[in-house]
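Scroll down for the structure; my scribbles are underneath it.
The values are calculated or read from the model by the stated rules, or taken from the named source; none is laboratory data. Quantities reported herein were computed from a predicted structural model and do not represent experimental measurements. Using ideal geometry, Cβ is built from the backbone for each residue, glycine included, and neighbour counts are taken over all protein chains shown. Areas reflect the complete protein model, heavy atoms only, side chains present, ligands, DNA and RNA absent. Shrake-Rupley method; radii C 1.70, N 1.55, O 1.52, S 1.80 Å.
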Amino acid sequence: MIKKLNPKHLERLLNNECDVVIYQEGLSEEGEPLTSLNLKNQKCRFVEKTKVIISSDGRKVELVGKVILLGDIAPNIKKISGGEVIINDSKYEIYQASRPRNPDGTVHHSSLELMWYENNI
């Protein structure tokens, strides 16, 4: 029998704090992205790992790390399609998100792959 993964194993690895902003589809009247979720001071695990990929539209994208947060950070949002994460006074853009599930269907953790925010460069 497959057991549910114990979140206590991941809790001891959450050694950073981050702010997460998730955008929804569309733009405001001022042309800014619409915010659907704004989380402050979340405990997370930040893993810095540089990887270069080619996106589906042919762009070269440099991923600079991954943020792992315990549980489902956005249960009401079906697809996380964009946003930003601030860690250690550095701003990153969310490239891709995933939510691995336990065998019973609950979300174990949320994983956000990050690339440099355009204004950092």
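List of remarks:
- Looking across the stretch 80-89 at every residue that is open to solvent by 40 Å² or more (accessible area, probe 1.4 Å) and over 17 Å from V47 (Cβ atoms), the one that is nearest to the chain's Cα centre (by Cα) is identified as S81.
- Those residues of the stretch 84-95 which are assigned to a strand (DSSP E or B) and within 26 Å of R12 (Cβ to Cβ), in sequence order: V85, I86, I87, S90, Y92, I94
- Note on the stretch 68-83: residues that are outside any loop (DSSP other than H, G, I, E, B) and over 11 Å from Q96 (Cα atoms) amount to 3.
- Looking across the stretch 7-42, the residues that are on the phi < 0 side of the Ramachandran plot, without any contact (Cβ under 8 Å) to a residue 12 or more places away in the chain and outside any strand (DSSP E or B) come down to K8, H9, R12, S28, E29, E30, E32.
- Test: residue in the stretch 48-55 that is under 28 Å from P103 (Cα atoms), of a type in the set (S, T, N, Q) and not in a strand (DSSP E or B): no
- Inclusion of E62 among residues that are closer than 17 Å to K91 by Cβ, free of Cβ contacts under 8 Å to residues at least 12 places away in the same chain and either out of contact with any His (no Cβ under 6 Å at 6 or more places or on another chain) or of a type outside the set (A, V, I, L, M) (or both) is not warranted.
- Residues in the stretch 56-79 that are more than 20 Å from L14 (Cα to Cα) and either open to solvent by less than 20 Å² (accessible area, probe 1.4 Å) or among the charged types (D, E, K, R) (or both): 8 in all.
- The stretch 90-116, residues that are open to solvent by 30 Å² or more (accessible area, probe 1.4 Å) and farther than 18 Å from V47 by Cβ: R101, P103, D104, G105, T106
- Beta carbons closer than 6 Å, at least 6 apart along the sequence or on distinct chains, pair a first residue in the stretch 92-117 that is small (G, A, S) with a second that is part of a loop (DSSP other than H, G, I, E, B) and open to solvent by less than 30 Å² (accessible area, probe 1.4 Å) for A97/I80; S110/I73.
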